[in-house]
Structure formats: structure tokens, C-alpha cells
Amino acid sequence: MLKSMELARISRQRASDEVYLTLRQSILSHLFEPGERLQVDEIAEKLGVSLTPVRHAIQQLATEGLIEIRPRSGTFVAQLSVRDIEETFDLRMALECLAAEKLIQYITKKDVAEFRKLLVELAQPIDSDDDHRRHQQDNRRFHQMLIDGAGNHRLSETYAELNAHLQIVRAHSRQTGWAKRLKIEQEEHEEIVHALESKDLPRLQKAIRNHIQRSCRSLVEGLKDS
């Protein structure tokens, strides 16, 4: 009897996890748009689950800041203001500079070679939507390598939550001048790798700050124009 109860509990937990992951991905991929009201009953019906795992998932996503629960109004996909974006980038910059402090102590020639290999990928031209998606993935991987190199799991988890918020904004930011910005971005990435290779922490942290501050300005300007 005890084994049966334990198995049922695991099964319910798995359902909650699956609903959470499905809703989270739906928000990040813009199946649900920023500001859109979420109909809990409809979501449960479409996913073929009861209301309970959907409500649990919504509470978890609200804790992460991806969903807003407004009393007497409903449940909505979060929208980020310019101030939200700037504060998020401030935190991102602090985390990447902290990661750099840790990473630079242990970085190897093999690690630098991986960064340089990625630089080649990031330098590829962007001529289509597929190229754009590929570039964004490579760009995220570049920064994730900085974070992962610190070997701090809590830092990695916090960084992932910040990036989830920014993914929502990026898809709605009408950034123009890709060719010019790509050249600047590539130069910034190369400066980061040069600083890593020389194990020059002040230079590395300055390069990270310059890159992230410029990225923030570009994203905010694109959001204002959207």
C-alpha cells in the first residue's frame, strides 16, 4: 500500500513538471505573447491534465517572473518595462564579471580553443531567419561558457532565470542595422577571449561590461521602436 502511494506521488510530480516545462517553453517561444491572458481551464483541457498541475506550474512561473497573477483580473504572461530590462542587464553584468573572476583562475588552452572555435561560428554572416536563430544560439552559448566556467551551480541557475526574461523581450525588439552591430559584437567577443587567454582580469571584466552595456542599449532602443 505504501509503495502504491509513493508511486502515485511521483506520477503527479512528473505531470506538474511536464506542464511547467511546456508552459515555460510556450512563453519563451512566444506561443503565448507578453501581456496575453492565460485561460487555465483551456490550458488544462488542451494538455489533458487536471487544473492542479497547471496551477502549480503557473505559481512556479510567477515566482520566476514569467507570469503575473493579478487579483480579480486573471493570469497574464509578464511584460518587461525598460527599467526591468536595464536592471536585468545590471544583474547579468554582475554575474558574468563574477564568473570571469572564477574562470580566469582555471582556464586552460583547451578552453580558450573552444572559445576561439565559437568566435568563428559567430562571425558567420546573417542572411536568413535560420542564420539569425543560429547566431542567437551561438551567442547564448558563448556567454553560457563564461558562466559554466565558474563552476557555481547557484550562479548558473540565477543566470538562466535572467536570460528567460530577456528572451521574451528580444523577440519583440525591432533591432535594425544587423551588419554594423554584428561587427561591433564580434570585436567585443574577441576582446573577451583575448583577455581570457592573457588571464588579465581587469581587462576581461571591462570587456564584459562594455559588451553587456552596449547590448542593453541596443535592446532598449529596439523595444522603444517596436
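The values are calculated or read from the model by the stated rules, or taken from the named source; none is laboratory data. Values in this document were obtained by computation on a predicted structure and should not be read as measured data. Glycine gets a Cβ as well: all are built from the backbone with ideal geometry, and neighbour counts include every protein chain shown. Ligands, DNA and RNA are excluded from the accessible area calculation, which covers all protein heavy atoms including side chains. Shrake-Rupley method; radii C 1.70, N 1.55, O 1.52, S 1.80 Å.
Computed values, structure above
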item: More than 12 Å apart - percent of Cα-Cα pairs taken over the range 52-97; result: 70
item: GNM top mover of Val120, Val112, Val193 - the chain, alpha-carbon springs below 10 Å; result: Val120
item: Stretch gain in nm, segment Lys102-Lys206, where the contour uses 0.36 nm per residue and the Cα spacing is subtracted; result: 35.9 nm
item: Degrees separating the helix 2-28 axis from the principal Cα axis of the chain, which is the longest one; result: 50
item: Heavy-atom SASA rank of Leu47, Leu166 (probe 1.4 Å, accessible area, largest first); result: Leu47, Leu166
item: For the chain, Kirkwood radius (reciprocal of mean inverse C-alpha pair distance, Å); result: 19.6
item: Carbon and sulfur %, accessible surface of the chain computed with the full protein complex present, 1.4 Å; result: 49
item: Heavy-atom accessible area ranking, 1.4 Å probe, most first, across His132, His153; result: His153, His132
item: P(r), alpha carbons of the range 26-155 - 10 Å bins starting at zero, rounded %; result: 10, 27, 28, 24, 10, 1
item: Segment Gln144-Glu36, length gained on full extension (0.36 nm per residue, minus Cα span); result: 35.9 nm
item: Gain in span if fully extended, Leu119 to Ile184, counting 0.36 nm per residue against the direct Cα distance; result: 22.1 nm
item: Heavy-atom accessible area per residue - the chain, 1.4 Å, Å²; result: 60
item: Environment charge at Leu155 (Cβ cut-off 15 Å; Lys +1, Arg +1, Asp -1, Glu -1); result: -2
item: C-alpha long axis of helix 129-148 to longest principal axis of the chain, angle in °; result: 80
item: Cβ-Cβ FRET estimate between Gln79 and His153, R0 fixed at 30 Å, reported to 0.05; result: 0.50
item: On Cα atoms only, tilt of 153-170 relative to the major axis of the chain in degrees; result: 90
item: Protection proxy ranking of 75-84, 121-130 - average other beta-carbon atoms within 10 Å, highest first; result: 75-84, 121-130
